[in-house]
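Shown next, in structure tokens, is the structure this report addresses.
The values are calculated or read from the model by the stated rules, or taken from the named source; none is laboratory data. Here the structure is a predicted model, which means the values were calculated and not measured. Note that each Cβ is placed from the backbone with ideal geometry, even for glycine, and that neighbours are counted across all protein chains shown. Protein only, heavy atoms only, side chains kept; ligands, DNA and RNA dropped before computing areas. Shrake-Rupley method; radii C 1.70, N 1.55, O 1.52, S 1.80 Å.
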Amino acid sequence: MTHFVHDVRSIDPADSTRFGGKATGLARMNRLGLPVPPAFVIDTDACRETGERKGRLPDGLAEQVGAALAELENGVDRSFSVGTRIPLLVSVRSGAKVSMPGMMDTILNLGLHRGNIARFAMATGSQVAVDCWLRFWAMYADIVLDVDPELLREGVEAQRAAAVADLSDTTAAAFEDAVLSFLEDEGAAAPADPRTQLDEAIGAVFRSWDSRRAKTYRAHHGIPDDLGTAVVVQVMVFGNAGPDSGSGVAFTRDPKTGVAQLYGEYLPQGQGEEVVAGTRTPVDLAEEKPEWADLRRELLEHSAMLEAEYRDALDIEFTVQDGTLYLLQVRPAKRTAAAAVRIATDLLAEGTIDPSTALGMVTADQVRRLVSPQFSAAAMSAAALLTTGIAASPGHGSGQAVLDADRAATLATEGHDVVLVRPTTSPQDLRGMLAATAVLTARGGATSHAAVVSRALDKPCVVGASEVDVRPDEQVFIIDGVSYPEGTELSVDGATGKIYAGLLPRAIPDTADLGLADLLGVADRTSGATVWLPAASPQAIAGACGRGASGIAVVGLTDLMAVVPDAVARLVSAIEALSTDPNAPAATVEQVIATDVRACVAAALTATNGLPIDIRLPVFTSPRARQLIDEWAGLAPHLLLPLGPRRLLVAWLEAIAGAVADTGHPATTVLLGGVTSPSEVAAFAELAADVGLACGAVLSNPTILFDAELLTRQGHTLWVDLHELTRCAHGYPEELLFTVSELTAAGGTEGAAPGTALNPLVRDLLGELVVLGGGRIGVDLAGASPAGIAPELYRLGFRTFTASIAGAEELRLLLGQAITDESGGSVHVPVKETGNG
Ligand code: ADP
Ligand code: MG
């Protein structure tokens, strides 16, 4: 005989699969000696069997429920349905392993009928008694019979009022008859007998597991259909029993801020659902009002015990009956991103949890949201929406609309925030795009120049806003017949494609008192990894140092040059001169480089404040060069070789060495991009050594990785450009590959091992490289979302990373979590911390 029914005190509190979260929570509270109304649970096996029997309860269940009811009766010295003691009322509560808010049902106050209502009223008064009874019928109608409870309430109002005014056998019978006949008229015959009602209610809760809305919810949240729900039948306590009664919800910590103080609401003289329904204004438990001091103290004591048990912040449902507090439910509290960080950091500091548990209590997504400046939801809903385009690059930016790239750059230099508004963008607009807080184009799709470049620059961008007629010559743009002059203030939401009128304020929550820095420190110590950042402008470099960067990398020389007006344009002319004539005069090549490169690099080196910086020389085969150089297709072939013309290489190196001499910077490394063989790196290293510079290479194609052994033996700095490497491995054109993660979106690259995001060829090559080269080799993740990929690279053995600046904190957290994942049984390549020793 299968045992489906269990006293809540006897179940295994860890087995929420079988008993559901509600029952195991009650069991844990019982073990701690906390005041919980007695209850029994019907397990999820019974739910599954009911499903298999097309909604009929399992054989023998009714008898088991009967025996459990008898025990409840004796425990509290009350009688269920018939008997001489005060009537026992129960709640019938659904409770699955995972909470599905609002999906499953609960019935309160089951157990009343015409034969025991008067006896019940002796304990509670007729007002409360009839109120409970009507409330039961409303819930029963709603949940078991699918009849509108409001119609029922209206239909029996006269009989209810009569029973309250003078509760007798006659008025009670009239009320019950009115309810039953109303339901019969609705086509839903209902039993008057509480025992039958209980069985029906249990069946209804089991059947609600298979309701359409519950199924949809589970599909959406990835919850398996065969989990089933348990049903808890619990002795009722009454928050509506009188002035010293009420019910409420308490959080052990503030779910909005995470601050460790009691938070919640208490509704005097109310049963639980009224708190949730928000019909009356409840008491704020955070306020230390003298009249609620006892309740607060008791809740605080229970909170402390429960937090120690659960090692997490909790939400607790409770009821007070005649001055006695009862706890009805406990579970980990839902919380905001800010609260998640605060709670994890505090619990760690309090010694309640260990570092890896703390890191697991916060998601990368939460961290990312906390550190990126955002328009507030309130500001967005209050703002006027001008138009909507294609969301091309996420982030929020606002400023005055400027329709010309040069004017945008000039205004930005003067300290104005600008939004670059163009019909489309082209390489000539790059300076303006760099200067703008956001980019808006009327034409083009998700792979347009504006979209691709904005994503590379981590700049909010909306493209293809086809309702906008941009007229740069007239310095106006027209939407819906309304003409807006240049200078009109706009706000751009690159995540939704929405364009708002006016300057919406952007704010980063003050992470200083959030504990985020502490948590990320824990992540760094746990992972032992270092995160560098690719900041290019002196301000961005200074900002990156403030965000805990271990160094600045990999930063392109041309990016560093964008700070000096026209420096990029002069450089491009110098390159074009060299392309047409290898013997072009030094005045057009070496001197331009000596002046501009030296000045730009010196400014960057000063901004690092002594932090190491790895600078990559321009690569003319790169998609970036193609966007910068108008006559790119006409470049002479010798410029496209990894080493390029020797005189150009020497000019770069001398200019950078000059900047190092000017600033006394201690750790500058120059990187050669696009290399295909170790011999190129060796030749480059000789030239770098001539001017006293440390050097290395950026690895961006599979060919160079086949020589990993030779390459790592040279001992230079190596950075893997994951984005470019993956693109090469797939043979995709740049425009179709915004991010590596997009390529690997739905459950990994085709052919990759389950749970991995890396292309299999890339994974094999990198696995070998890191075994040979150890922790010295860095991976440049810029352009990729680090989720998925960063932990996988960590498990391969990589310990040095660089990512987009916006993703720095997210990446540090993910690396801190990666060690925990490791024990989950993924492939593990041992790390050689000190290279190939
Ligand atoms: P949910 O899963 O939606 O949280 P519950 O089973 O927790 O549903 O029930 C909702 C509310 O009903 C509870 O918060 C509580 O206020 C009230 N309730 C449930 N059981 C009892 C009980 N035995 N005594 C008093 N109130 C109860
Ligand atoms: Mg609840």
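Out of (1) within 12 Å of ligand 1 (Cβ to nearest atom); (2) part of a helix (DSSP H, G or I), what's the single condition that is false for residue 47? Failing condition for residue 47: (1).
Pairs are defined by a Cβ separation below 7 Å, a sequence spacing of at least 6 or placement on different chains, a first member in segment 3-24 that is over 15 Å from residue 49 (Cβ atoms) and in contact (Cβ under 8 Å) with a residue 40 or more places away in the chain, and a second member that is away from ligand 1 (no atom under 15 Å from the Cβ) and open to solvent by 30 Å² or more (accessible area, probe 1.4 Å); the pairs so defined are 7/71.
Quick check, is residue 605 among the hydrophobic types (A, V, I, L, M, F, W, C), within 36 Å of the chain's Cα centre (by Cα) and in a helix (DSSP H, G or I)?
Against the criterion (among the hydrophobic types (A, V, I, L, M, F, W, C), within 36 Å of the chain's Cα centre (by Cα) and in a helix (DSSP H, G or I)), residue 605 qualifies.
Of all the listed residues (357, 336, 319), the sole one being away from ligand 2 (no atom under 16 Å from the Cβ) and over 18 Å from residue 525 (Cα atoms) is 336.
On the basis of being touching a Leu at 6+ places or on another chain (Cβ under 7 Å), farther than 23 Å from residue 47 by Cβ and more than 16 Å from ligand 2 (Cβ to nearest atom), does residue 149 make the cut? Step through it out loud before you land on a result.
Numbers: touching a Leu at 6+ places or on another chain (Cβ under 7 Å): no; farther than 23 Å from residue 47 by Cβ: yes; more than 16 Å from ligand 2 (Cβ to nearest atom): yes.
Considered against the rule, which asks whether it is touching a Leu at 6+ places or on another chain (Cβ under 7 Å), farther than 23 Å from residue 47 by Cβ and more than 16 Å from ligand 2 (Cβ to nearest atom), residue 149 comes out as no.
Screening segment 9-51 for residues that are touching a Phe, Trp or Tyr at 6+ places or on another chain (Cβ under 6 Å) and within 16 Å of ligand 2 (Cβ to nearest atom) and picking the one that is nearest to residue 105 (Cα to Cα) gives 41. Could you please let me know if residue 213 is in contact with a Leu (Cβ under 9 Å, 6 or more places away or on another chain), at pLDDT below 90 and part of a helix (DSSP H, G or I)? Criteria not met by residue 213.
In the condition set (1) of a type outside the set (A, V, I, L, M, F, W, C); (2) open to solvent by 80 Å² or more (accessible area, probe 1.4 Å); (3) within 11 Å of ligand 1 (Cβ to nearest atom), residue 271 is compliant with all but (2). In the condition set (1) modelled with pLDDT of 95 or more; (2) under 21 Å from residue 662 (Cα atoms), residue 523 is compliant with all but (2).
Only one of the numbered conditions (1) crowded, with 22+ Cβ neighbours inside 10 Å; (2) assigned to a helix (DSSP H, G or I); (3) within 11 Å of ligand 1 (Cβ to nearest atom) is not met by residue 133, and that is (3). Restricting 42, 11 to residues that are within 16 Å of ligand 1 (Cβ to nearest atom), at negative phi and open to solvent by less than 20 Å² (accessible area, probe 1.4 Å) narrows the list to 42.
From the list 187, 95, 83, 115, the lone residue that is touching a strand residue (DSSP E or B) at 6+ places or on another chain (Cβ under 7 Å), not in a helix (DSSP H, G or I) and not aliphatic (A, V, I, L, M) is 95.
Mind listing whichever residues of segment 197-232 are among the basic types (Lys, Arg) and within 15 Å of ligand 1 (Cβ to nearest atom)? Walk me through how you get there before you give the answer.
The first filter runs over segment 197-232 and keeps only residues among the basic types (Lys, Arg), leaving 207, 212-213, 215, 218.
Selection gives 213 alone.
Working carefully through the options 480, 458, find the one that is under 20 Å from the mean Cα position of the chain (by Cα) and not aliphatic (A, V, I, L, M). If you could, list the steps in order and put the result at the bottom.
Values: 480 fails: under 20 Å from the mean Cα position of the chain (by Cα).
That would be 458, the only listed residue that is under 20 Å from the mean Cα position of the chain (by Cα) and not aliphatic (A, V, I, L, M).
Candidates in segment 80-106 are the residues that are more than 9 Å from ligand 1 (Cβ to nearest atom) and β-branched (Val, Ile, Thr); of these, the one that is least open to solvent (accessible area, probe 1.4 Å) is 98.
Every residue in segment 216-237 that is assigned to a strand (DSSP E or B) and closer than 30 Å to residue 86 by Cα, please.
From segment 216-237, those assigned to a strand (DSSP E or B) are 229-235; that's our starting set.
Residues satisfying the conditions are 230, 231, 232, 233, 234, 235.
If I filter segment 80-115 down to residues being of a type in the set (A, V, I, L, M, F, W, C) and closer than 12 Å to residue 214 by Cβ, which single residue comes out as modelled with the lowest pLDDT? Ranking the candidates gives 103 first. Here residue 189 passes the criteria (1) of a type in the set (A, V, I, L, M); (2) open to solvent by 10 Å² or more (accessible area, probe 1.4 Å); (3) within 16 Å of ligand 1 (Cβ to nearest atom) except the one numbered (3).
Would you confirm, using the coordinates I've provided, whether residue 235 is modelled with pLDDT of 95 or more, open to solvent by 10 Å² or more (accessible area, probe 1.4 Å) and within 15 Å of ligand 1 (Cβ to nearest atom)? Criteria met by residue 235. Filtered by the rule that a residue be more than 16 Å from ligand 2 (Cβ to nearest atom) and either under 19 Å from residue 270 (Cβ atoms) or not assigned by TED's automatic domain parsing to the domain that holds residue 179 (or both), segment 84-109 gives a lone residue, 89.
For residue 344, the criteria (1) modelled with pLDDT of 90 or more; (2) in a helix (DSSP H, G or I); (3) open to solvent by 20 Å² or more (accessible area, probe 1.4 Å) hold in every case but one, which is (3).
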